[in-house]
Every structure is written in C-alpha cells, then in structure tokens.
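What follows is one structure encoded as structure tokens, with my remarks underneath.
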Amino acid sequence: MTDELLVSKIVAKNDTHLFSLLYDRYADKVYGKCLGFSKSPEEAQDMTHDVFVQLFVKLKTFKGKSKFSTWLYAFTYNFCLNYVQRKLKKEQEKFTSLNEDFHGSSAEEPEVSDAKIFEMKVDKLSKALELINPDDKAILLMKYQDDFSIQDIILALDIGESAVKMRLKRAKSKLIEIYHSLN
C-alpha cells in the first residue's frame, strides 16, 4: 500500500493500527533526523515519539501536493527546529550573550564554495553546527547530509528558489565564520 493511500485510510478511520504501519516505515528516518538536532540518543528518541504524536494529530493536513515522505521530512525538520529553538531560548535566558556573536549578518556575505564545507574537519564542524542558528543548521543538513537538491528544499520548506539559495549562502557563510572562530 502506498504512503498516500495509507494516510488517507488513517485519516478517514482515525485508525491507530494503520498508523503503526506508517510509524514502522518511517521511525528510523525520523529518529535519524532528530538525532541530528539533539545531543543524545535518548533525547532523539523522545523527540521521535513527540513527532509521531503530533503527526497523528496533524495527518489530516497532508494534502498530497508532494510525496508523503517529503511532507514528513519537512514536518520532522520543523518539529526539530522548534524544539531546538525552544531549548536554545531557555539556555539563552540563563546565558544571555551565549550566541549573540553568531547571529549577526553582514550586508554582503562572501560566496562560500561547497568545497570549503567538505574540507572542514568533522569534529570542529560538529561543534560549529551545534553553535549555528537552528534554521541555518537545518538547511545545511538538508543540502549536505541528506543530499537534497534545491528543488527538494523548495518543496520541504515551501519557499521560493531564490530564498533557498540565499539561505544556503548565508548559512554557509555563518558556518565558516563559526568554524574559523573555534580553536
């Protein structure tokens, strides 16, 4: 049974048994995305559970304009972004100036080549990704971890092509800036 047919049956009958089939298909992928945003496997498991709870409630909002897997991917990213932003806000309340230096943007960012991103050392890159704005992290992970094309990102984020390209450019610049500021 296709994802789209399964979703329509779940929505029509509010069937938790059928929803478990959807869960089985996508739990590992959702967990992987959550793990990319969390600091521990346990936190990623909790986030995955929460994604599926919210998914069950919001499944009726799936309109079939894209493949279900693409819609779920965007749904998961949005959940993770919101989760990280709430967590970051709590941390910022404790440490008010923790990330101020990293959120400024200049009027003209230099072009950063993809080769520069690939040359970064993994451990230092991981630290830089922890410090970067969650929205920037999400778009970079889509592009470089998940091999999303520009068109895939357009569909996942529901924004225009020029917005995707500009967000990628700015996110790469910020990542490079943070990366070079690390010891």
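Which condition does residue 34 not pass, out of (1) farther than 19 Å from residue 142 by Cβ; (2) at pLDDT below 95, if it passes all the others?
Tallying (1) farther than 19 Å from residue 142 by Cβ; (2) at pLDDT below 95, residue 34 fails exactly one: (1).
Condition first: out of contact with any Lys or Arg (no Cβ under 8 Å at 6 or more places or on another chain), surrounded by 17 or more Cβ atoms within 10 Å (Cβ to Cβ) and either charged (D, E, K, R) or modelled with pLDDT under 85 (or both). Can you find one or more residues in the stretch 107-121 that meet it?
Scanning the stretch 107-121 turns up no residue that is out of contact with any Lys or Arg (no Cβ under 8 Å at 6 or more places or on another chain), surrounded by 17 or more Cβ atoms within 10 Å (Cβ to Cβ) and either charged (D, E, K, R) or modelled with pLDDT under 85 (or both).
Given the structure, is residue 131 aliphatic (A, V, I, L, M), modelled with pLDDT under 90 and surrounded by fewer than 19 Cβ atoms within 10 Å (Cβ to Cβ)? Even if it seems obvious, please write down each step before you answer.
On the way: aliphatic (A, V, I, L, M): yes; modelled with pLDDT under 90: yes; surrounded by fewer than 19 Cβ atoms within 10 Å (Cβ to Cβ): yes.
Yes; evaluated as a whole, the condition is true for this residue.
To keep it simple, each residue is scored yes or no on (1) surrounded by fewer than 13 Cβ atoms within 10 Å (Cβ to Cβ); (2) modelled with pLDDT under 85; (3) touching a strand residue (DSSP E or B) at 6+ places or on another chain (Cβ under 8 Å); (4) among the basic types (Lys, Arg).
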{"residue": "143", "(1), (2), (3), (4)": "no, no, no, yes"}
{"residue": "155", "(1), (2), (3), (4)": "no, yes, no, no"}
{"residue": "159", "(1), (2), (3), (4)": "no, no, no, no"}
{"residue": "166", "(1), (2), (3), (4)": "no, no, no, no"}
{"residue": "169", "(1), (2), (3), (4)": "no, no, no, yes"}
{"residue": "180", "(1), (2), (3), (4)": "yes, no, no, no"}
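Residue by residue through the stretch 134-174, note down the ones that are under 21 Å from residue 88 (Cα atoms) and free of Cβ contacts under 8 Å to residues at least 60 places away in the same chain.
135, 136, 139, 140, 167, 171
So is residue 38 farther than 25 Å from residue 132 by Cβ and not assigned by TED's automatic domain parsing to the domain that holds residue 129 or not?
Answer is no for this residue.
The values are calculated or read from the model by the stated rules, or taken from the named source; none is laboratory data. Source: prediction; values computed, not measured. Every residue, glycine as well, gets a Cβ built from its backbone with ideal geometry; the counts of neighbours run over all protein chains shown.
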